[in-house]
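The values are calculated or read from the model by the stated rules, or taken from the named source; none is laboratory data. From a predicted model like this one, the values you see are computed outputs, not experimental measurements. Note: ideal-geometry Cβ built from the backbone for every residue, glycine included; neighbour counts use all protein chains shown.
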Amino acid sequence: MTKKIFITTLCLITFAILLPKHVSAANYGMSISPPLLRVHIKPGKSITQVYKIENLSNNDKTLVAAIVPFTESDNFGNPVLNPKTTAPWLSYFSLANSEIKFNKPFSIPAGSSEQLILSLSVPETAPLKDIYVTLIVSTYENSLDQTFQGSALRATIGSNLLITISSQAYPDTILRIEGFYPAKGAVIRIGNLYFADSITPLKFTATVTNEGNFAAETKGVFRVVSGKNKPVYLEGILPVNIIAKSQRQLLNTNGDTFEFSPSLGNIGPHQLSLEIKTDNSNTTSTIDIIFFPLKLSLGLLISLLIIISIIKITSKTPEKST
Amino acid sequence: MKVIYLITLIFFSIFFTIFETSLVYADDLKSPTFEIQMSTINITGGAKSSTTYKLTDTVGQTFQGQFNSAGYVILTGFQYINTLIPFSFKISDLDINFGSLVPGIPSLLSNTLTITTGSAFGYAVKAIEDHPLRRSDGITTIPDTSCDLATPCLQTDANVWSDNTRFGFGYNMSGVDVNTADFINSTYYRPFPVENIDQPAIVMSKGGVATSSAATVTYKINISGSQAAGTYQNAIQFIAIPAF
């Protein structure tokens, strides 16, 4: 009996050791909040902002936090980061955490979160201008196993900070709307006038350029008025940030291009306008479109031709001789 | 006579359709998506709506008043996204280990990138490598692919790489928020940009809210018979940043 128990135990131990174990591959999952910080600050003032970093992966992660400046972005507000750039104002930023510092590794256990307490202290002598940075949190690089053949992946997640250093709440902004055109649809252009079918939806694209030295927000409306200045359609512009000396595509509040679907009643001249109103300036771009029932007229004309043809054929049918 | 009557009738119909004064009623004024936004510091606020309008507002001290008294104003996130869900980025597998490579026979591996913008509006995921796949001697490399001879590819312009006599290392993208005008199908590849030389290349992006947008990255290596034996390694960095 003792011998049987011994053999059974031995077998179980052997299987437990030799059976293939479930090994999960190293994955990555990280979240950051908030994704955007917009700060207007006077020289000589300080602020702190808490960022929550959560490790969503199934293993502990060693990370490094850093501040990376940027001066450019694409038309959709994605910053072009310059990791090699240095600027004297980078010293305005620090982490108020007791154990976590910029460019020093720190760990977050799997499924846990950590707070980064970002401090911004603007000296009295700071120049009045915008500074743009991204707070990035990257996986810390370890040396690879010598038998590993291929690519070891690193991951970085970030949050943008748009900071305006100014002595006034609303520093001057200079926005200009450009390229406000019908994107597609039945449109004929003669000079500055557009002719469009009155039952075909029209899409419009436009960009806005910030020629000023401070970031601004694209608050405004897309408006359509008839020739008698009666409002026909009104839609909000998606309020997005546009940094200094950059360009952004304007979108509606759903994040799509602007669209106007005229009805049968929308015939004749109409004015379409994009109006952006910042706290201290306005900018407007307009286009004139004459809607006419092109498709409807063509349909009627074809119907007319068919009817005439039928009548002619019917009237020419020779009568049967008696 | 009947024909003339018919033509006259149709002519007048067209004439009145074109030149009739269009009647615009008050309820033609459409503003179901219009939002009024106020720059105030939150005391209370929220979304209000009826059948004809949608308004998100904040009530409290004005931006100007807050700036004058405190010397700063902080705005976090995006007013038009009513969520506290954070911006998150996931990679299904961090180790792209090809193991042994056979000359002339491409090796393929893949993993998945997943983005949730949460309280951000739009994002871009960019990729860059530290250097081409390189042996421990620091000199010998597997070059980054230039795709087929007839269809050369660039770091931001994918093209066909199906010729097994063309050697190198590259990647293909498929799935949500991938530029399918560039990565047309699974035969289209790009080389990775190189750190300190090139700018990171966008591999996923969206100009709006993304909820668990997932894309597959397929990594491909094809080596020649003359490739020096050894272990080749590099590091690829994926950078996920929300738009502003």
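Hey, any hits in region A:127-141 for a residue that's closer than 30 Å to B:L108 by Cβ and at pLDDT below 95?
Yes, region A:127-141 contains at least one residue that is closer than 30 Å to B:L108 by Cβ and at pLDDT below 95.
With region B:127-240 as the region, which strands (runs of 3 or more DSSP E) entirely inside it contain at least 2 residues that are within 23 Å of B:S100 (Cβ to Cβ) and touching a strand residue (DSSP E or B) at 6+ places or on another chain (Cβ under 7 Å)?
B:133-135, B:168-175, B:213-222
Considering only strands (runs of 3 or more DSSP E) fully contained in region A:88-151, which possess at least 2 residues that are closer than 30 Å to B:T231 by Cβ?
Once the strands (runs of 3 or more DSSP E) in region A:88-151 are filtered for at least 2 residues that are closer than 30 Å to B:T231 by Cβ, what remains is A:105-108, A:130-139.
When you scan region A:139-160, how many residues do you find that are within 22 Å of A:Y51 (Cβ to Cβ) and crowded, with 22+ Cβ neighbours inside 10 Å?
7
Taking the criterion of being crowded, with 20+ Cβ neighbours inside 10 Å, among the hydroxyl-bearing types (S, T, Y), free of Cβ contacts under 8 Å to residues at least 60 places away in the same chain and within 7 Å of chain A (Cβ to nearest Cβ), would at least one residue in region B:110-129 satisfy it?
yes
Starting from residues that are assigned to a strand (DSSP E or B) and more than 7 Å from every other protein chain (Cβ to nearest Cβ), keep the ones in region B:62-108 and report whichever is farthest from B:T165 (Cα to Cα).
The selected residue is B:T62.
Within region A:230-239, does at least one residue satisfy the condition of being surrounded by fewer than 17 Cβ atoms within 10 Å (Cβ to Cβ), over 29 Å from the mean Cα position of the chain (by Cα) and modelled with pLDDT under 95?
Yes, some residue in region A:230-239 is surrounded by fewer than 17 Cβ atoms within 10 Å (Cβ to Cβ), over 29 Å from the mean Cα position of the chain (by Cα) and modelled with pLDDT under 95.
Which of the residues that make up region A:257-267 are surrounded by fewer than 18 Cβ atoms within 10 Å (Cβ to Cβ) and either of a type in the set (A, V, I, L, M, F, W, C) or part of a strand (DSSP E or B) (or both)?
Passing the criteria: A:E259, A:L264.
Please count how many residues of region A:239-256 are assigned to a strand (DSSP E or B) and more than 8 Å from every other protein chain (Cβ to nearest Cβ).
Qualifying residue count for the region: 4.
Consider only pairs whose beta carbons are under 8 Å apart and that are at least six residues apart or on different chains; among these, list those whose first residue lies in region B:221-237 and is more than 7 Å from every other protein chain (Cβ to nearest Cβ) and in contact (Cβ under 8 Å) with a residue 24 or more places away in the chain and whose second residue is charged (D, E, K, R) and part of a strand (DSSP E or B).
Every condition considered, the pairs that remain are B:A228/B:R135; B:G230/B:R135.
For residues in region A:70-101 being loosely packed, with under 15 Cβ neighbours inside 10 Å and hydroxyl-bearing (S, T, Y), which is nearest to the other protein chains (Cβ to nearest Cβ)?
Checked region A:70-101; the qualifying residue nearest to the other protein chains (Cβ to nearest Cβ) is A:T85.
What strands (runs of 3 or more DSSP E) completely inside region A:177-238 contain at least 2 residues that are touching a Ser or Thr at 6+ places or on another chain (Cβ under 8 Å)?
Output list reads A:202-210, A:220-226, A:231-237.
Of the residues that make up region A:174-181, is at least one modelled with pLDDT of 90 or more, within 30 Å of A:P269 (Cα to Cα), acidic (D, E) and surrounded by fewer than 19 Cβ atoms within 10 Å (Cβ to Cβ)?
Checking region A:174-181: at least one residue is modelled with pLDDT of 90 or more, within 30 Å of A:P269 (Cα to Cα), acidic (D, E) and surrounded by fewer than 19 Cβ atoms within 10 Å (Cβ to Cβ).
Quick check on this structure: which one of A:V208, A:V225 is in contact with a Leu (Cβ under 9 Å, 6 or more places away or on another chain) and without any contact (Cβ under 8 Å) to a residue 60 or more places away in the chain?
Unique residue meeting the criteria: A:V225.
Conditions: (1) within 10 Å of chain B (Cβ to nearest Cβ); (2) within 30 Å of A:Y132 (Cα to Cα). A:S263 meets all but one. Number of the miss?
(2)
Looking at region A:190-207, can you tell me whether even one residue there is farther than 30 Å from A:H40 by Cα, among the β-branched types (V, I, T) and away from chain B (no Cβ under 14 Å)?
Looking through region A:190-207, at least one residue is farther than 30 Å from A:H40 by Cα, among the β-branched types (V, I, T) and away from chain B (no Cβ under 14 Å).
More than 28 Å from A:I190 (Cβ to Cβ) and part of a loop (DSSP other than H, G, I, E, B) - does that describe any residue in region A:280-295?
Within region A:280-295 (the criterion being more than 28 Å from A:I190 (Cβ to Cβ) and part of a loop (DSSP other than H, G, I, E, B)), the answer is yes, since at least one residue qualifies.
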